[in-house]
1. Is there a residue being aromatic (Phe, Trp, Tyr), surrounded by 14 or more Cβ atoms within 10 Å (Cβ to Cβ) and within 17 Å of ARG125 (Cβ to Cβ) anywhere in region 50-61?
2. Filter region 68-104 down to the residues that are farther than 13 Å from LEU52 by Cα, buried (at least 18 other Cβ atoms within 10 Å of the Cβ) and in contact (Cβ under 8 Å) with a residue 40 or more places away in the chain and list them by number.
3. Which numbered condition in (1) exposed (fewer than 14 other Cβ atoms within 10 Å of the Cβ); (2) at pLDDT below 80 is the only one that LYS37 fails?
4. Mind listing whichever residues of region 70-116 are of a type in the set (Lys, Arg) and at pLDDT 90 or above?
5. Which of the helices (runs of 4 or more DSSP H) contained wholly in region 70-127 include at least 1 residues that are farther than 22 Å from GLU43 by Cβ?
6. Scan (1) touching a Phe, Trp or Tyr at 6+ places or on another chain (Cβ under 9 Å); (2) in a loop (DSSP other than H, G, I, E, B) for the single condition TRP55 breaks and write down its number.
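The values are calculated or read from the model by the stated rules, or taken from the named source; none is laboratory data. None of the values given here were measured: they were computed from a predicted structure. All Cβ positions, glycine included, derive from the backbone under ideal geometry; neighbour counts span all protein chains shown.
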Amino acid sequence: MYYRLIICGAFLLECICWQGPVSAETSAEESFYPTWKLLSIQERQQFVAGYLFGWKDAAKVTDVVLDYVKENPTKAVEGLEKAKSLYSVQALRPAEIAREVDLFFQASENKEASLSRAMSFARGRLQ
């Protein structure tokens, strides 16, 4: 459980620190496009479905962290509650996300972007 909390904390930090529009120039992460372009539409949808499942799992871990922070009040509670809202994926569908990721990678400036950036772009457009 401790390992999962560390990973969740790192993910939360990335979410909280995200500062704006997505572009390959702002990302030092490895490009996901070479992998993405090899996938069929159905494979992309299945991949995105798995990614969404991961977000749901992270939300459960966030609940544990949030409960701990509430028992030990600091200003971090507000930040964690805000980050928790980022995990709401009930309205998101893999087919819709995959279409948006396709759109993201159509832009030449995004060819070197990471999957995380592509997913954030897609999610932002659908919410």
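1. Initial filter on region 50-61 (aromatic (Phe, Trp, Tyr)): 51, 53, 55.
Checking the rest, the ones that are also surrounded by 14 or more Cβ atoms within 10 Å (Cβ to Cβ) come to 51, 55.
Add one more test, that the residue is within 17 Å of ARG125 (Cβ to Cβ), and what stays is 51, 55.
Yes: region 50-61 contains one or more residues that are aromatic (Phe, Trp, Tyr), surrounded by 14 or more Cβ atoms within 10 Å (Cβ to Cβ) and within 17 Å of ARG125 (Cβ to Cβ).
2. Hits for region 68-104 are LEU80, ALA83, VAL101, PHE104.
3. For LYS37, the failing item is (2).
4. So in region 70-116, the residues of a type in the set (Lys, Arg) come out as 70, 75, 82, 84, 93, 99, 111.
Listed by number, the residues that qualify are ARG99, LYS111.
5. Working: elements: 76-85, 94-106, 115-126.
It comes to 76-85, 115-126.
6. Result: TRP55 passes all but (2).
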